[in-house]
Structure formats: structure tokens, C-alpha cells
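So the structure is just underneath, and the comments pick up after that.
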Amino acid sequence: MTLYAGMGASSGIAGGELLGTMLQRHPGDLPGALRAWEARIRPFIETEQDSAMFMRTLFTPADRKEQIMRTAMRRLMGKPVFAWALGKMPKGPDLTNKERDVAAV
């Protein structure tokens, strides 16, 4: 996880809780518990890592194009109509993922 995903501490806590749950569900079977944990946590983490690449451009634009995009996004976010419209749009997998309780199984 990177700063740009904004989910490092949350993922660490959720991952630890999920690991504890899987160890309880697979008593005496550490490899099975780890496989179950990996199967549950990996898609969550991969989605966060993918979204981090987009978020990086908002924090640290690498070129002029990314700087223009960041400036435009910041200006639009300050407009009430844009904020309202954004709230009405369906959420992509990265935002849905942030609201998901990955440790709840």
C-alpha cells in the first residue's frame, strides 16, 4: 500500500482481523487458514493498489498533462453542482472497495 491509496493502516488492521478469523475457522491447519486469508484479502489489496496509481497523479503530478488534470479536478470539486453530480454517479470499484468490510466473512 502507498500513501496514494490511503488505505495502508486500514488494510493492516482489517488484514490482521481477517487472519485471526481464518485461524479460528481452520484450527490446526495453518496452510488452509493462510490460503483462505489470501483468497479473501488479495482482490481487496489489488483493487487498492490499482487505484493508488490514479491517486498518485493527484498528489504528485509527473508532467504538465497531470498538472492540468489536477488543477481542473480541484477547481471542479469546489463547485456545488459538480459535487452534487459526483455524488449521484455510480461508484467505481476503488470507492466501493474502501467502504467494504474485508474482514467480515
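Just so you know, all these numbers are worked out from the coordinates, no wet-lab data involved. All values derive from a computational prediction rather than experimental measurement. All Cβ positions, glycine included, derive from the backbone under ideal geometry; neighbour counts span all protein chains shown.
Using the alpha carbons alone, the radius of gyration of segment 8-99 stands to its Kirkwood radius in an Rg to Rh ratio of 1.16. Count Lys and Arg as plus one, Asp and Glu as minus one, and take only other residues whose Cβ is under 15 Å from that of VAL105; the net charge is then +2.
For segment 52-85 versus segment 20-41, the spacing of their alpha-carbon centroids is 40 Å. Computed from label points 7 Å out along Cα-Cβ, the spacing between LEU30 and PHE54 is 4.0 nm. Return the FRET efficiency for the residue pair ASP63, LEU86: r is the Cβ-Cβ distance, R0 is 35 Å, and the value is rounded to the nearest 0.05. Once rounded, the FRET efficiency stands at 0.90.
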